[in-house]
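Q: I have a structure here, written as structure tokens, and I will follow up with some questions on it.
What follows draws every value from the coordinates through simple rules; no lab data is involved. Quick caveat, the model's predicted, so the values are computed rather than measured. Here the Cβ is made from the backbone with ideal geometry for all residues, glycine too, and neighbour counts use every protein chain on show.
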């Protein structure tokens, strides 16, 4: 290895300031070659394979590759550029080929089997045992049992899928950023609050335009659809958004993801059949808590049966209000957010904009950290003297008992070249290393409205919930006690349980005891007043059933689509979505709606045949929080138990077992329905 490429060195933190896209290709080649050489050397040793002689040395060598790949993936998501995109695409192909090679390596598989079958297996630490068990399942899902020609076909499919999923994500980003609408008369933006107008004016200045600029980024899109009095403007922006990356998009199909989805689904089905499964949903569930697609559909249908009648009632009330108060006799999708906000304001005398001044981002962060401190006895401090990839990005240290245990990068604000949404990702995973322990480091990313004119960003309460959600993921990654990287933190956690800590943390955004220090008026510093708190809590379950059936629509579409084994044309995909919508949607979609073309979780991310996980984990998180409702929202013992079991053990113990240890019983759906105000 050479010092000329910083990615070939062992950096405690990513060398952002030294990084160039040109480093990626040679680094990937060198690091993959080194990993392969280590595997060959360890498998050639005399004597039986053991954890210490085979698995641990291979994990040590793979650490540099894992850390470099985490850096590439993150930068590709947060600072897109032609050079980085091209380099990342090539590296994606390399890592996919390497992962397939690893999963189909007969010698390595034999070594894991040997370790599993030896009497000494029982003497391994529980985390080591679970890592071996999960690895053996992964080998089989990688086609280890297939003849060589079918293994080659598997490798080809995986490589093609990786590139297609990346193309899908790139086209969503390109389509999102290609559409703008310049506004020169402020009267055209009547109804928008001052905070939104400031954001749109800043967008215009960044493009060297006068006036205001509407984009499809969330800080622009959501205020327009929620507050713009102009129905024509709402419709124009709505249509641009729901036709993104489609044949109907504003760019006349330039970024059409229709053919890409067809290819993705066809190759996933081919992969499933190659592995001996009937469809891709069965492959997906092989590593999840749910036993079968039928069980998932039954779970979703049960949730729908409980929520749909109330959702219909909520929509009827909204339609009646819109007709009486707003003159909207034919409520359309572009009216939904606008009419709902007007009804919320009338019914509860509260709006998201009214809450913004009480949640300036710096104060919300202080409250977030204080919440975690009270629950889990950890503290947070800003780091000093560190490298960053953008001026907005900060690094924070996490301490437990005065000892540094983790770090995280915080990237809160929307900007050009950054993928939309919010997420947590791994930068470094906790693991034993030759000189001690590699501490976990997380990336925490959001797309909130950026600060304007030197004033702090003001979060809506919905933004606050998002912040707490992603931090919950980060806590599971950072507070793990496990030192076997394959099952440390979020690694090895069943996908339908991975949302448990994130959804669990959202609960404190609604607790008076927590809001007392989470909130603080941007000018006075005063906490959220009692009257506003009462209005916020009263409005908590406003249209909760409508929101729930929307998420169930996405989950059912995803699962039915991946249980499907036939035609994957754009029209067939649309037909699946139409059938799901017919049974659960309260406001019919317009014919031009191409939601599926921008459904990045399923077609560009890791949620294929797994989007139901949000609802599955919601049951777990609501039930877990019900213990705090019983014992106190900052009860020390409940917090310690959650920290040690759910956050501390992560993927080293099956999720169902950890939950039952924490709760003392199997999960119940009742707390979730109660929290959502849905009749049990």
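Q: Percent relative contact order of the range 350-415, based on C-alpha pairs within less than 8 angstrom and at least six residues apart? List each step's numbers first, then the result.
A: Numbers: 62 pairs, mean separation 13.9, N = 66.
Dividing the mean separation by the residue count of the range 350-415 yields 21 percent.
Q: Over 18 Å apart: what share of the alpha carbon pairs of the range 179-242 falls there, rounded to a whole percent?
A: Values: 450 of 2016 pairs.
Roughly 22 percent, once rounded to a whole number.
Q: When only Cα pairs under 8 Å and 6 or more residues apart are kept, what is the percent relative contact order across the chain? Walk me through the intermediate numbers first.
A: Values: 1061 pairs, mean separation 105.1, N = 680.
After rounding, I find 15 percent.
Q: Under 8 Å for C-alpha pairs, at least 6 residues apart: give me the relative contact order for the range 179-242, rounded to a whole percent. List each step's numbers first, then the result.
A: Numbers: 76 pairs, mean separation 24.4, N = 64.
RCO, the range 179-242: 38 percent.
Q: When the helices in the chain are scored as -39500 (n - 2.57) per DSSP H run of 4 or longer and the sum is shared across all residues, what 222 nm value do you end up with, to the nearest 500 deg cm²/dmol? Could the numbers behind the result be given before it?
A: On the way: 26 runs with 373 residues, N = 680.
My calculation for the chain gives -18000 deg cm²/dmol from helical runs alone.
Q: For labels at residue 149 and residue 366 in the simple 7 Å Cα→Cβ model, what's the distance in nm?
A: Roughly 6.9 nm, to one decimal.
Q: Oh, and also: What is the calculated FRET efficiency for residue 434 to residue 634, with r their C-beta to C-beta distance and R₀ = 41 Å, to the nearest 0.05? Walk me through the numbers on the way to the answer.
A: Numbers: r = 40 Å, r/R0 = 0.97.
Efficiency at R0 = 41 Å is approximately 0.55.
Q: Taking the Cα atoms of the range 413-452, report the difference between the largest and smallest coordinate on each principal axis, in whole Å and largest first.
A: Result, largest extent first: 46, 18, 14 Å.
Q: Take the Cα coordinates of the range 536-680, assign each an equal point scatterer, and use the Debye formula without solvent to give log10 I(q)/I(0) at q = 0.15, 0.18, 0.22 Å⁻¹.
A: With no solvent term, the Cα-only Debye profile gives -0.92, -1.11, -1.32.
Q: Could you calculate, for the range 3-52, the ratio of the Cα radius of gyration to the Kirkwood radius, expressed as Rg to Rh? Walk me through the numbers on the way to the answer.
A: Numbers: Rg = 15.0 Å, Rh = 13.0 Å.
On the Cα set of the range 3-52, Rg over Rh gives 1.15.
Q: Moving to a separate point now. Principal axis extents for the chain, Cα atoms only, whole Å, descending order, please.
A: 82, 56, 54
Q: Would you mind checking the tilt of helix 570-584 against the longest principal axis of the Cα atoms of the chain, expressed as 0 to 90 degrees and rounded to 10?
A: 60 degrees
Q: Only counting other Cβ atoms within 10 Å, I'd like 490, 590, 24 sorted with the fewest neighbours first. Let's see the in-between values first.
A: On the way: 490 23, 590 14, 24 27.
Ranked by crowding around the Cβ, least crowded first: 590, 490, 24.
Q: Another one. Helix 231-242 versus the longest principal axis of the chain: what is the Cα-based angle in degrees, 0 to 90, to the nearest 10?
A: For 231-242 against the chain, the angle is about 10 degrees.
Q: Tilt of helix 218-227 relative to the longest C-alpha principal axis of the chain, in degrees (0 to 90, nearest 10)?
A: The helix 218-227 is inclined about 30 degrees to the chain.
Q: Could you give the nm distance between label points at residue 90 and residue 462, where each point is 7 Å from its Cα heading toward the beta carbon?
A: Calculated label separation equals 4.2 nm.
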